[in-house]
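Structure first, commentary second.
No value in this document is a laboratory result; all are computed from the given coordinates. All figures in this text were calculated on a predicted structure; none of them were measured in a lab. Cβ coordinates were reconstructed from backbone atoms using ideal geometry, including for glycine residues, and neighbour counts include every protein chain displayed.
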Amino acid sequence: MRRPGRTVYDAALRRARLAAYPPGQFVGQESFMTRTEILAMAREASVGPGVSVLDLCCGVAGPGRLVTAELGCAYRGVDRSVSAIEVARARARGLDCRFEVAEVPPVPDTVVDVVLLLETMLAFDDKEPLLRGIADALAPGGRFAFTVEEGLPLTDAEEQAMPCSDTVWPVRLPDLLARLGDVGLDLRWVRDLTRSHRRVADGLVAALEAERSAIAADLGHAAVDDLLTAHRLWSAWMGSGRIHKLAVVTEKIAEG
Ligand SMILES: C[S@@+](CC[C@H](N)C(=O)[O-])C[C@H]1O[C@@H](n2cnc3c(N)ncnc32)[C@H](O)[C@@H]1O
């Protein structure tokens with residue numbers, strides 16, 4: 001069966017998402033990040049007026065629009081989903097935002113001050129080509145800000161349990177730091193968001209359960225079941241310490 005496009009998906013989940021986040025914290029993100037966390041991370045990456053930002057895997061660009069509107073920057077969002085980019089473009093009218101549909105890697109051939117990768121590091125099994133492309137796209141002293149699911153790879157049983165487990169590739173912190181070092185990215189700032197993201201995951205479970213029939217009417221029962229299964233697992237994994245959610249800002253080492 002063909003999956004509904006992002007417009008349908010976004011509309012179907014809107015009420016549940018609004019209910020799931022703490023008041024004022026839902027800004028159109030497709031993730032566990034809150035408004036406060038998105039802005040804190042962008043500020044740590046020194047996003048501000050005149051700063052060029054490349055947001056990889058931007059989705060419908062809730063975070064991208066927030067950062068552009070609140071901090072001022074020249075923003076370019078990239079996502080492989082045609083329908084996500086359509087939604088992003090329509091919502092970003094009047095802001096200094098450009099969008100394009102592309103699969104990464106390769107990272108667009110450009111030079112920018114900041115690269116963002118929010119809630120999508122997980123989807124890349126081999127993170128090396130992505131990180132190398134990001135480092136190449138950064139000006140010396142440029143910042144790469146991202147979130148990551150820290151932990152061991154999934155076991156066979158976990159793979160069986162998690163829907164779409166072919167897009168779930170946690171990484172151990174020492175491995176990640178080694179990969180970042182290999183491409184010339186130095187650690188600048190880390191924050192552990194595990195507790196906050198578990199609360200959001202629990203909020204989403206409760207809201208999805210409450211809105212179950214309405215969402216199933218738009219997306220189908222199988223899609224709601226998968227969403228519930230995935231969010232329950234994320235909550236359990238973050239609650240047990242199996243997975244830590246980290247926000248990280250790195251800086252490209254200036255050559256010289
Ligand atoms: C979990 S959503 C996060 C969206 C956004 N960053 C946010 O925080 O709200 C992941 C997004 O990554 C996109 N994506 C996943 N793999 C991709 C790839 N290899 N190239 C481009 N986009 C990708 C998906 O289409 C989806 O919009």
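Below, the figures for the structure above:
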read-out	value
Scope region 26-52; condition among the polar types (S, T, N, Q) and either more than 13 Å from the ligand (Cβ to nearest atom) or closer than 14 Å to ARG89 by Cα (or both); matching residues	THR36, SER46, SER52
Odd one out for ARG89 among (1) in a helix (DSSP H, G or I); (2) more than 10 Å from the ligand (Cβ to nearest atom); (3) within 26 Å of ALA201 (Cα to Cα); (4) of a type outside the set (Gly, Ala, Ser)	(3)
When residues of region 92-114 are limited to those that are touching a helix residue (DSSP H, G or I) at 6+ places or on another chain (Cβ under 7 Å) and away from the ligand (no atom under 12 Å from the Cβ), the one nearest to PHE32 (Cα to Cα)	ALA92
Whichever residue in region 51-81 is part of a strand (DSSP E or B) and touching a residue at least 40 places away in the same chain (Cβ under 8 Å) and, among such residues, is farthest from ALA20 (Cα to Cα)	SER52
Elements of type helices (runs of 4 or more DSSP H) in region 170-256, at least 1 residues being under 21 Å from LEU118 (Cα atoms)	173-182, 194-210, 221-240
Test set (1) farther than 24 Å from ALA102 by Cβ; (2) in a helix (DSSP H, G or I) - GLY48 fails condition number	(2)
Residue that is nearest to LEU246 (Cα to Cα), among those in region 92-124 that are charged (D, E, K, R) and part of a loop (DSSP other than H, G, I, E, B)	GLU119
Where LEU130 falls short, out of the listed (1) surrounded by fewer than 17 Cβ atoms within 10 Å (Cβ to Cβ); (2) part of a helix (DSSP H, G or I); (3) under 19 Å from the mean Cα position of the chain (by Cα)	(1)
Those residues of region 53-81 which are away from the ligand (no atom under 13 Å from the Cβ) and surrounded by fewer than 18 Cβ atoms within 10 Å (Cβ to Cβ), in sequence order	ALA69, GLU70, GLY72, ALA74
Any chance ALA84 is buried (at least 19 other Cβ atoms within 10 Å of the Cβ), within 14 Å of the ligand (Cβ to nearest atom) and in contact (Cβ under 8 Å) with a residue 40 or more places away in the chain	yes
